[in-house]
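Bear in mind that the values in this text are calculations on the coordinates, not laboratory data. These numbers come from a predicted model, not from an experiment. Every residue, glycine among them, receives a Cβ derived from its backbone with ideal geometry; neighbour counts consider all protein chains shown.
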Amino acid sequence: MRDRKSKVSIGKVFFYVAAIAYAVIALGPFLWSLYTSLKPTSQVFNMWVPINQLNFHSYQNILTQFPFGRWLFNSIVVALIVTVGNLVVNTLAGYAFARLKFPLRGLIFYIFLGIMMIPGQVVLVPIYMLLAQWGWINSFQGLTIPFLMSPFMIFLARQFFLGMPKDLEEAGRIDGLTHWGVFFRIFLPLAGPMLSAQTIFTFQGNWNSFLWPVLLETQQNMYTLPVGLNSFYNQYNAFWNSVLAGDIMLTLPMIIVFVVFQRHFVRGIATTGIK
Amino acid sequence: MRRRKRISRSATSQAIAGYLFVLPAFVSLAVFIGGPILYSFYLSFFHFSYLDPQNATWAGLDNYLHLFVDPVFLQALTNTAEYSLGVVPVQTAIALLLALVVDRVKGKSLFRVIYYLPTVTSTVAVAVMFIFIFNPTGLLNTILLNFGIHGPNYFFDPNFALPSVMAMAVWSTVGQFMIIYLAGLQDIPEEVYEAAAIDGAKGFDLLRFITIPLLRRTSFLVIVMGMIGTFQVFDSVYVISQGNGGPMGATMTVVLDLFNKAFKDMNMGYASAMGFTLFAIILILTLVQNLVLGKED
């Protein structure tokens with residue numbers, strides 16, 4: 001009995017050591033970048049700079065001397081439009097695939113599913129040509145309109161609505177609601193968790209997106225933050241405190257959104273990941 | 001009779017609502033995915049430059065066949081395969097281990113949040129952080145020096161560049177797959193363990209004969225997702241090599257090559273062929289894994 005107990009506690013200690021060790025590895029680069037961004041330029045490569053010499057000059061620098069404020073604005077505008085658009089488009093489609101009967105429903109749904117398999121890079125060339133023809137390079141339209149739908153999120157919404165009880169719409173129909181009414185008055189108010197998961201996934205994907213904006217936005221004032229940070233790093237990589245200040249500026253908003261919504265986030269990954 | 005009529009009217013109104021609900025998504029699909037895919041497939045049979053569209057010429061299968069003798073593409077493909085083969089097993093193993101650990105400690109949700117932070121972070125931001133940490137005189141080499149090890153110039157040394165990108169990729173994706181494993185662990189009923197314990201299984205045996213086999217579907221998902229993601233690697237190598245895949249092509253990947261062929265060389269027919277080849281590779285690998293891992297289902 002005593003033997004077993006001591007064995008258990010050694011195991012426990014091992015688990016805690018492992019958990020904390022990996023937490024240090026996961027957090028380390030963030031904390032080191034934050035610390036470095038606060039160091040004076042001359043001391044960037046000094047490992048330890050005392051706290052009283054740390055300052056926010058590099059943040060002031062990138063906001064006043066460089067267009068980081070503008071890039072932040074672009075990122076926020078694009079991410080908001082894309083997120084709201086996706087919520088509307090994907091939720092409506094997901095609901096129809098789950099709860100409304102119409103001819104060819106199965107076929108249309110399988111087209112969406114099949115498209116999910118094809119990597120986005122396949123359409124890089126044609127989309128570029130299309131947007132160039134429309135004059136949408138270096139515009140907000142170019143970064144938002146083509147990205148308002150996600151087959152994956154439609155699938156997520158459909159799975160969610162499939163899981164709701166059958167009597168819901170019958171009750172609504174008996175009360176005289178139209179199909180629109182049933183959706184807006186009965187199902188939508190219950191869809192909170194699915195909507196937050198969708199919001200966070202879409203926002204994250206768009207906030208961090210790089211391939212499309214680096215292709216579609218070539219003028220500095222239209223850069224989003226990832227593109228701006230990349231170009232700033234290219235030109236000013238001697239000033240690591242400023243580069244990393246920009247890095248924190250790109251990272252922090254997403255981390256805040258994540259920590260605030262993390263319950264839904266985790267649930268979202270778990271349900272979409274498994275089913 | 002009247003009843004029938006009412007039903008059919010209701011069915012019609014339901015169908016109309018259904019089509020209207022799907023319409024925005026369908027328009028987006030047709031204009032920005034379906035149409036472009038077909039057009040891209042068409043382009044892949046032409047020698048086509050965006051700058052000179054008048055002079056497009058029929059190429060037949062030339063673009064596809066040329067891939068087999070294009071040294072840059074072959075290196076990109078080799079690098080991408082090496083990257084995938086290195087990253088996927090390591091990230092899967094670490095994700096599983098972390099899930100097993102986190103499942104057994106207090107403060108599960110705190111650890112989960114911390115481990116997941118790298119995954120929510122932009123790849124560009126991660127790459128810039130790691131360029132600084134992997135600097136010849138950066139944090140990592142300073143730590144190594146305490147152990148008497150002189151570390152290399154990671155991202156800028158042809159021998160170390162790709163492994164360094166791989167290490168960075170593992171760091172940033174492990175959290176995501178750990179969460180999927182955690183959900184998988186939660187789905188294993190407690191009784192299975194109790195039954196096994198009655199049969200005398202303990203510790204490592206439980207892991208080997210119960211946990212890992214029962215996580216089969218989860219592992220399949222993690223491996224397929226990992227593989228699809230690794231074959232599309234672009235952001236990190238673009239930032240690290242400034243788009244040229246250096247040093248000496250060490251970080252050239254399929255998507256980076258595709259990007260350069262399309263928008264630097266303006267060789268868009270060829271780039272389209274490359275896109276479909278990438279799609280075919282991913283599809284084949286997914287099917288093979290489905291066959292191997294899903295055999296028993």
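For the stretch A:62-111, applying the loop criterion from DSSP together with a ceiling of 14 other beta carbons within 10 Å to the trypsin sites (Lys or Arg not before Pro) yields A:LYS101.
Sort A:188-195, B:88-95 by packing, meaning the average of other beta carbons within 10 Å per residue, with the highest value first.
On the way: A:188-195: 14.5, B:88-95: 19.8.
Final packing ranking: B:88-95, A:188-195.
Based solely on its DSSP helices, what 222 nm [θ] is calculated for chain B when runs of n ≥ 4 H residues each add -39,500 (n - 2.57) and the sum is averaged over all residues, nearest 500 deg cm²/dmol?
Details: 13 runs with 201 residues, N = 297.
After summing the helix terms and dividing by the residues of chain B, the value is -22500 deg cm²/dmol.
Please compute one quarter of the surface area of the Cα convex hull for the stretch B:1-89 and express it in square nanometres. Intermediate values should be presented prior to the final figure.
Numbers: hull surface 50.1 nm².
Computing the convex hull of the Cα atoms and averaging its projections yields 12.5 nm².
The stretch between B:ALA280 and B:VAL69, if pulled fully straight at 0.36 nm per residue, gains 74.2 nm over its current Cα-Cα span. For chain A, what mean projected area does the convex hull of the alpha carbons give, in nm²? Result: 23.1 nm².
Peptides A:122-132, A:216-226, A:233-243, A:166-176, ordered by how many other C-beta atoms sit within 10 Å of their residues on average, highest first, read A:122-132, A:216-226, A:233-243, A:166-176. Computed over chain A, the per-residue total of -39500 (n - 2.57) for DSSP H runs of n ≥ 4 gives a 222 nm mean residue ellipticity of -23500 deg cm²/dmol, rounded to 500. Peptide B:105-116 shows a mean partner chain C-beta count of 5 within 10 Å per residue C-beta. Across all Cα pairs in the stretch A:130-231, the calculated P(r) in 5 Å bins from zero up to the longest distance comes to 2, 11, 16, 15, 13, 11, 9, 9, 7, 5, 2, 0 percent per bin. Straight-line cross-link reach from B:LYS202 at under 19 Å between alpha-carbon atoms covers these aspartates and glutamates, not counting any fewer than eight positions away in the same chain: A:ASP3, B:ASP103, B:GLU190, B:GLU191, B:GLU194. Between B:LYS264 and A:TRP134, the modelled label-to-label distance comes to 2.9 nm, taking each label 7 Å out from Cα in the direction of the beta carbon. Normalised by residue count, the stretch B:196-250 yields a Cα convex hull volume of 110 Å³ per residue.
Cβ neighbours within 10 Å, averaged per peptide: list B:141-154, A:52-65 in order, most packed at the top. Working shown, then result.
Numbers: B:141-154: 12.9, A:52-65: 14.6.
Put in order of decreasing packing, that is A:52-65, B:141-154.
Within the straight-line cut-off of under 18 Å between alpha carbons, the aspartates and glutamates reachable from A:LYS166 are A:ASP175, sequence neighbours fewer than 8 places apart in one chain being disregarded.
Cα gyration tensor of chain B, axes a ≥ b ≥ c as square roots of the eigenvalues: rounded (a/c below 1.5), prolate (a/b > b/c) or oblate?
Working: a/c = 2.05, a/b = 1.04, b/c = 1.97.
Oblate.
Take the alpha carbon gyration tensor of the stretch B:138-297, find the square roots of its eigenvalues, order them as a ≥ b ≥ c, and report rounded if a/c is under 1.5; if not, report prolate when a/b exceeds b/c, else oblate. Taking the square roots of the gyration eigenvalues as a ≥ b ≥ c, the stretch B:138-297 is oblate. For the stretch A:1-104, the equivalent ellipsoid derived from the Cα gyration tensor has semi-axes of 42, 38, 7 Å, listed largest first. Within 10 Å of the Cβ of each residue in A:29-37, the mean number of Cβ atoms contributed by other protein chains is 5.
In terms of overall dimensions, the C-alpha atoms belonging to the stretch B:206-297 reach 54, 27, 17 Å along their principal axes, ordered largest to smallest.
Give me the inter-chain shielding for A:206-216: mean count of other chain Cβ atoms within 10 Å, whole number please. Intermediate results must be reported in sequence, preceding the final value.
Values: counts 0, 3, 9, 4, 10, 8, 0, 0, 8, 3, 0.
Averaged over the peptide's residues, the number is 4.
The reciprocal of the average 1/r between distinct C-alpha atoms defines the Kirkwood hydrodynamic radius, which for the protein assembly as shown equals 26.0 Å. The string of couplings for the stretch B:94-101 from the Karplus curve (6.51, -1.76, 1.60, θ = phi - 60°) is 5, 4, 5, 4, 5, 5, 5, 5 Hz, one whole number per residue in order, with x for Gly and Pro. Once the chain from B:LEU20 to B:LEU51 is taken as fully extended at 0.36 nm per residue, the excess over their C-alpha distance is 7.2 nm. The calculated FRET efficiency for the pair A:PHE14 and A:VAL260, based on their C-beta separation and a Förster distance of 45 Å, comes to about 0.85. Counting only alpha carbon atoms, the long axis of helix A:68-99 and the longest principal axis of chain A meet at about 20°.
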